[in-house]
Structures are given as C-alpha cells and as structure tokens.
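The values are calculated or read from the model by the stated rules, or taken from the named source; none is laboratory data. Keep in mind it's a predicted model, so treat the numbers as computed, not measured. Cβ placement follows ideal geometry from the backbone for every residue including glycine, while neighbour counts extend to all protein chains displayed.
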Amino acid sequence: MKLKTEIKPQKSKNTIDYYSRLLLVGSCFSDTIANKLKSHRFDVISNPFGISYNPSSIFYQLTRAIDQQLFVKEEFFLDDDLWHHYELHSSWSSTDLIQLTNSANDQLAHLHQQLKQSTHLIITLGTAFVYELKSSHTLVSNCHKQEAALFEKRLVSPDEILKSMEQFFQKVTEFNPTLQLIFTLSPVRHIKDGIIENNRSKAHLRCALFEFLEQHDTCEYFPSYELLLDELRDYRFYDRDLVHPNELAIELIWEHFVKTYMNESCLDDLKLAQTIHKSSTHQPFQPQSHQHQLFLKKLNERITTFYTKYPHLKVS
C-alpha cells in the first residue's frame with residue numbers, strides 16, 4: 001500500500017555540471033536552492049538585488065540589467081535616515097545615497113554580465129499579488145514598511161503575468177540565445193494574504209506559467225510546489241511557522257533536483273563536494289588532537305582533488 005503520492009523525476013535535457021554558470025532569482029525559495037548549490041561548490045549567483053516575489057518585479061530587474069538602465073539618485077527616497085529604492089531589497093538600504101547608487105549600478109553591471117554568461121536561469125515565482133505606488137502607478141518589489149495608504153494592492157491576472165513572461169523571454173533569448181530557463185513555483189504559502197487569497201495567487205501563477213511553457217518547449221518547470229504540497233504533504237516537513245519547508249523537506253526537494261538536472265558525469269564529484277562541505281562545518285571537541293589533525297589532512301586532500309579537477313571554481 002502506498003503511503004504517499006510520488007512525483008518521479010524526469011531527467012532534463014538541459015543538465016547541469018560543474019562547468020555550468022547558474023543564476024537564481026525570485027522568492028526566498030530561490031535562495032534555499034542556491035544555498036544547496038553553493039554548498040556543493042557550483043558557480044552560482046542568487047538574487048543580486050535581494051528577494052523578489054512577484055513576476056513583474058523579477059522580470060523588471062532582469063530586463064533593467066540587460067538594458068543597462070542605470071540607477072539615478074532621484075529614484076531613491078529617504079526615510080528615517082536611510083535611503084531606499086522600491087525595486088531593491090531592504091538589505092540594500094543605506095545612509096549614504098552616493099555610495100548606494102554606485103553600489104547598485106556596480107551590481108547592475110555584474111548582473112548584466114551574469115545574464116550574458118550564464119548557462120541556466122532558475123526563476124522562482126512566489127505570488128501574483130503586487131503593490132502599486134499610487135503616486136506613479138508603478139509596481140514595487142519592496143514597500144520598505146511605508147504607509148499602506150501609499151500603495152494599492154491588487155492580484156495580477158494570468159494574462160498580465162503571461163504578457164510579462166513573453167516580453168522577458170523575447171528580451172533574454174535575444175540577449176543570450178543559449179541560456180536555459182527553468183521556472184518553479186515557490187511552495188511557501190503567503191498566508192499573510194490569507195489562505196484563500198494565497199491559493200488564488202498561486203493559481204494565477206500556475207495558469208500563466210503553464211500556458212507559457214506550452215508555447216515554449218525549450219523552457220522547463222521544476223515541481224518544487226508539488227513536491228512539498230502533494231508528495232510530502234505533511235506538517236512534519238514544515239518549519240515551526242508551518243509555512244516554510246524544514247531541513248528534511250529541503251533535502252528531499254534537493255534530491256529530486258539532483259536527479260532531474262545533474263549530469264551523470266558529475267555525480268561522484270557532487271558527493272565529494274558534499275563530503276567537503278560537511279567536513280568543513282564539523283566542530284571538533286579536541287582541535288589539537290592527533291585524530292583531528294588527520295581529519296584535517298584528509299579534508300585538505302579532498303579539497304585539492306576537487307579543485308585540481310575544477311580550478312575555475314576555486315575562490316582565491
């Protein structure tokens with residue numbers, strides 16, 4: 001008797017190996033997958049301008065980088081001694097406007113190069129709810145805890161989402177024709193919007209995304225959402241907030257990702273990288289002991305083996 005619904009991994013034609021250059025953008029779940037990739041020593045960049053949840057903001061940031069549309073001082077606003085930008089995460093906010101503007105433009109240039117050189121772009125969509133600044137009728141990625149009266153919250157229609165996807169797809173494929181696009185839907189529920197509202201939001205994203213994928217068979221979908229909500233389907237796979245996946249769920253989703261996207265040629269090296277990561281984070285009881293010195297020697301040998309094979313991944 002089966003005790004759960006299984007989603008069998010379907011091997012991708014666009015596999016990933018240690019020569020791939022990966023860019024991940026979108027919701028907090030993007031960072032979750034990116035952290036797993038980083039711990040396994042892949043060449044990966046995640047959310048250069050911080051987390052973004054809605055498709056409009058995600059595609060706007062990427063398009064801005066492609067077009068090299070620089071940030072100007074007039075786009076920022078001052079609140080409580082900090083300068084903010086509605087398209088940047090609060091981690092970017094600063095007391096120094098000139099430094100902030102320069103840093104944002106440096107990151108924009110870096111993202112431009114990443115988009116040009118990346119082999120895979122993984123986009124995680126989080127919500128179809130957006131906030132529109134009433135004064136300019138522009139969508140924002142981050143409200144920076146400004147007064148609610150400044151914004152209008154609305155649910156974007158599937159047609160509007162699809163249109164933004166199409167526009168971005170045309171732009172990015174012209175910019176980097178070999179770039180492989182992988183979409184996924186964040187399994188994290190936005191319960192602050194309400195349970196029913198969250199389900200409507202996810203439904204809008206799914207409708208738009210699958211209509212887009214039917215028209216563009218070169219793009220792919222990774223079932224993060226279905227893995228957590230259908231296959232795992234139990235609160236023992238959630239963190240204490242009962243919203244975010246816990247470590248066990250993340251590990252199971254990661255295993256599915258590996259089976260789907262990892263090239264067979266790098267699986268042994270993947271295991272080696274995982275061993276290096278676990279060993280590097282080990283906290284010894286007796287750091288000066290002979291046993292621990294042997295442990296460190298073995299760790300260094302493994303690191304040398306890995307970077308001898310992949311010298312381009314070594315960080316100086």
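Can you give me the number of residues within segment 180-201 that are in a helix (DSSP H, G or I), farther than 16 Å from residue 230 by Cα and of a type outside the set (D, E, K, R)?
5
Scan segment 207-243 for residues that are free of Cβ contacts under 8 Å to residues at least 60 places away in the same chain, over 29 Å from residue 179 (Cβ atoms) and buried (at least 17 other Cβ atoms within 10 Å of the Cβ) and report the count.
The number of residues fulfilling the criteria is 2.
Suppose we filter segment 180-197 for residues that are surrounded by fewer than 19 Cβ atoms within 10 Å (Cβ to Cβ) and not basic (Lys, Arg); how many remain?
Counting residues in segment 180-197 that are surrounded by fewer than 19 Cβ atoms within 10 Å (Cβ to Cβ) and not basic (Lys, Arg) gives 6.
Spot the failing condition for residue 160; the list is (1) part of a helix (DSSP H, G or I); (2) crowded, with 20+ Cβ neighbours inside 10 Å; (3) out of contact with any helix residue (DSSP H, G or I) (no Cβ under 6 Å at 6 or more places or on another chain), and only one is missed.
Residue 160 satisfies every listed condition except (2).
Give segment 116-138 a look and list any residue that's surrounded by fewer than 19 Cβ atoms within 10 Å (Cβ to Cβ) and under 22 Å from residue 91 (Cβ atoms), or say none.
133, 138
Determine whether segment 102-118 contains at least one residue that is of a type in the set (A, V, I, L, M, F, W, C), in contact with a Leu (Cβ under 8 Å, 6 or more places away or on another chain) and either more than 26 Å from residue 205 (Cβ to Cβ) or not assigned by TED's automatic domain parsing to the domain that holds residue 25 (or both).
Checking segment 102-118: at least one residue is of a type in the set (A, V, I, L, M, F, W, C), in contact with a Leu (Cβ under 8 Å, 6 or more places away or on another chain) and either more than 26 Å from residue 205 (Cβ to Cβ) or not assigned by TED's automatic domain parsing to the domain that holds residue 25 (or both).
Can you find a residue in segment 97-118 that is part of a loop (DSSP other than H, G, I, E, B), over 17 Å from the mean Cα position of the chain (by Cα) and farther than 29 Å from residue 174 by Cβ?
no
Among all residue pairs at least 6 apart or on different chains, which show Cβ distances below 7 Å where the first residue, located in segment 102-119, is among the charged types (D, E, K, R) and the second is surrounded by 13 or more Cβ atoms within 10 Å (Cβ to Cβ) and modelled with pLDDT of 95 or more?
116/175; 116/176
Is it the case that some residue within segment 181-194 is on the phi > 0 side of the Ramachandran plot, touching a residue at least 40 places away in the same chain (Cβ under 8 Å) and assigned by TED's automatic domain parsing to the domain that holds residue 28?
no
I'd like to verify a number: residues in segment 24-41 that are touching a residue at least 40 places away in the same chain (Cβ under 8 Å) and not in a strand (DSSP E or B), how many?
Going through segment 24-41 one residue at a time, the tally reaches 10.
Considering each residue of segment 262-298, count those that are modelled with pLDDT under 90 and acidic (Asp, Glu), and give that number.
Qualifying residue count for the region: 0.
State whether the residues of segment 299-315 include one that is part of a loop (DSSP other than H, G, I, E, B), of a type in the set (Phe, Trp, Tyr) and at pLDDT 90 or above.
Scanning segment 299-315, I find at least one residue that is part of a loop (DSSP other than H, G, I, E, B), of a type in the set (Phe, Trp, Tyr) and at pLDDT 90 or above, so the answer is yes.
Quick check: is even one residue across segment 147-154 in contact with a helix residue (DSSP H, G or I) (Cβ under 6 Å, 6 or more places away or on another chain) and assigned by TED's automatic domain parsing to the domain that holds residue 216?
The answer is no; no qualifying residue exists.
Let me spell it out: the conditions are (1) modelled with pLDDT under 95; (2) in a helix (DSSP H, G or I), and residue 50 meets all of them except one. Which number is the exception?
Looking at each condition in turn, residue 50 falls short on (2).
Give the residues of segment 250-291 that are hydrophobic (A, V, I, L, M, F, W, C), in a helix (DSSP H, G or I) and touching a residue at least 24 places away in the same chain (Cβ under 8 Å), sorted by residue number.
Correct list: 250, 252, 253, 254, 257, 266, 270, 272, 273, 276.
Would you check if residue 7 is in contact with a Leu (Cβ under 7 Å, 6 or more places away or on another chain), over 21 Å from residue 275 (Cα atoms) and surrounded by fewer than 17 Cβ atoms within 10 Å (Cβ to Cβ)?
yes
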